[in-house]
Amino acid sequence: MTIAAGQLDSTFAALADPTRRAIVARLARGDATVNELAEPFAMSLPGISKHLKVLERCGLISRTRNAQFRPCHLERAALDSAAGWIEENRRIWSERFDKLDQHLRDIQSQSDRKKGDDQHD
Amino acid sequence: MTDQTGPDELVYTRIFDAPRGLVFRCLIEPEHLTHFWGPAGVSTPLETIKVNPVPGGVFETVMVNDADGSSYPTRAVFIEVSEPERLVWTEPDSGMTTTSTLRELGGSRTEVRIHQTHVPEPFRSAEARAGFATSLDRFAAYLATVA
């Protein structure tokens, strides 16, 4: 709950595309140049560059400005916040359901006791 | 506890030892919600819960952290209320839609399936949805293995 879901929209939007997810997965193994990233895809360099711009804009990747081949670098923090949101959301529902389970037990045992009392009257 | 259906979707299921009608009331009545809506260490005071269980009606809560008192207001609007089997609400701020489906399992047990979609506006077209090859949470799990 520390992360507002709305702030993550651009990250989720960027990750909604399978090519961009593949690029991010590749960069999770280490920095790579645009040429290296384009290799596994049947896509032109400008096509890949467009995807990289989307990833760069939402802060998921960064590119060295000066180096000749401008290798792409995965910004883990941005990715972690997206993954963290998913985990957080899962945790909230899990704990909420634990409490609901207990609450259902409580109210059902109360109503059982009440029924028992009624029978004694 | 969890499974994945589609790509942009998160699904949680849990089986409760209680009849479906009662579980459904727990999901829409403030007197019940206050007992369980906040996760561990987080309370949802009764006076902060507003529920008007009709399409277009509000579903608002304020979750309060027991340790430091910080609060997390949430605001949703019901899209569908079909007692006792289905509730759908959407959070206008984030666009996230949550569908709760209650299924009778016999022996007074009920399965609750929470299905959430968090699809940012530009990606809500049919073509974009078809482009989702794997679910976001599966993707997160995958990244954890390669990182």
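Quick note: the coordinates plus some simple rules give every number you see, no bench work behind them. Model, not experiment: these values are computed from the prediction. Neighbour counts run over all protein chains shown; Cβ positions are idealised from the backbone, glycine included.
Summary value for chain A: 27 percent relative contact order, contacts being C-alpha pairs under 8 angstrom separated by 6+ residues.
Between residue B:65 and residue A:112, the simple spin-label model (points 7 angstrom out along Cα→Cβ) gives 3.8 nm. By its C-alpha gyration tensor, with a ≥ b ≥ c as the square roots of the eigenvalues, how is chain A shaped: rounded for a/c under 1.5, else prolate for a/b larger than b/c, else oblate? Verdict is prolate for chain A.
For segment A:45-74, run through the trypsin sites (Lys or Arg not before Pro) and keep only the ones in DSSP coil with at most 15 other Cβ atoms within 10 Å of their Cβ.
Numbers: sites: A:50, A:53, A:57, A:63, A:65; in loops: A:65.
Sites meeting the loop and neighbour criteria: A:65.
Say R0 is 22 Å: what FRET efficiency, to the nearest 0.05, do residue B:40 and residue A:88 get from their beta-carbon distance? That gives a FRET efficiency of 0.95.
Between residue A:43 and any residue 5 or more places off or on another chain, the built amide H atoms are never under 5 Å apart. When the Karplus curve 6.51 cos²θ - 1.76 cosθ + 1.60 is applied with θ = phi - 60°, which whole-Hz ³J(HN,Hα) does each residue of segment A:24-37 get, with x for Gly and Pro? Taking θ as phi minus 60°, the curve returns 4, 5, 5, 5, 5, 8, x, 4, 8, 7, 4, 4, 5, 6 Hz for segment A:24-37. The HN-Hα couplings worked out from phi for segment B:69-80 by the Karplus form 6.51 cos²θ - 1.76 cosθ + 1.60 (θ = phi - 60°) are x, 5, 10, 10, x, 10, 9, 9, 10, 5, 9, 9 Hz, whole numbers, x standing for Gly and Pro. For chain A, leaving out every one of the chymotrypsin sites (Phe, Trp or Tyr not before Pro) that falls in a DSSP loop and has at most 16 other Cβ atoms within 10 Å, the longest unbroken run is A:70-121. Among B:108, A:10, a tally of other beta-carbon atoms within 10 Å of each Cβ gives an order, fewest to most, of B:108, A:10. Simple spin-label estimate for residue B:108 and residue B:93 gives 3.9 nm between the two label positions (7 Å along the Cα-to-Cβ direction from each Cα). For segment A:6-44, trypsin sites (Lys or Arg not before Pro) are listed when DSSP marks them as loop and at most 16 other Cβ atoms sit within 10 Å of their Cβ; the list is A:29.
Quick check on segment B:19-76: take the gyration tensor over C-alpha atoms, sort the square-rooted eigenvalues as a ≥ b ≥ c, and tell me if it's rounded (a/c under 1.5), prolate or oblate. Kindly include the intermediate steps, with their values, before the conclusion.
Values: a/c = 2.83, a/b = 1.47, b/c = 1.93.
Oblate, since a/c reaches 1.5 and b/c is not below a/b.
The simple spin-label model puts a point 7 Å past each Cα toward its Cβ; for residue B:72 and residue A:68 those points are separated by 5.0 nm. Rounded to the nearest 500, the 222 nm mean residue ellipticity of chain A from helices alone is -22000 deg cm²/dmol, with -39,500 (n - 2.57) taken per DSSP H run of at least 4 residues.
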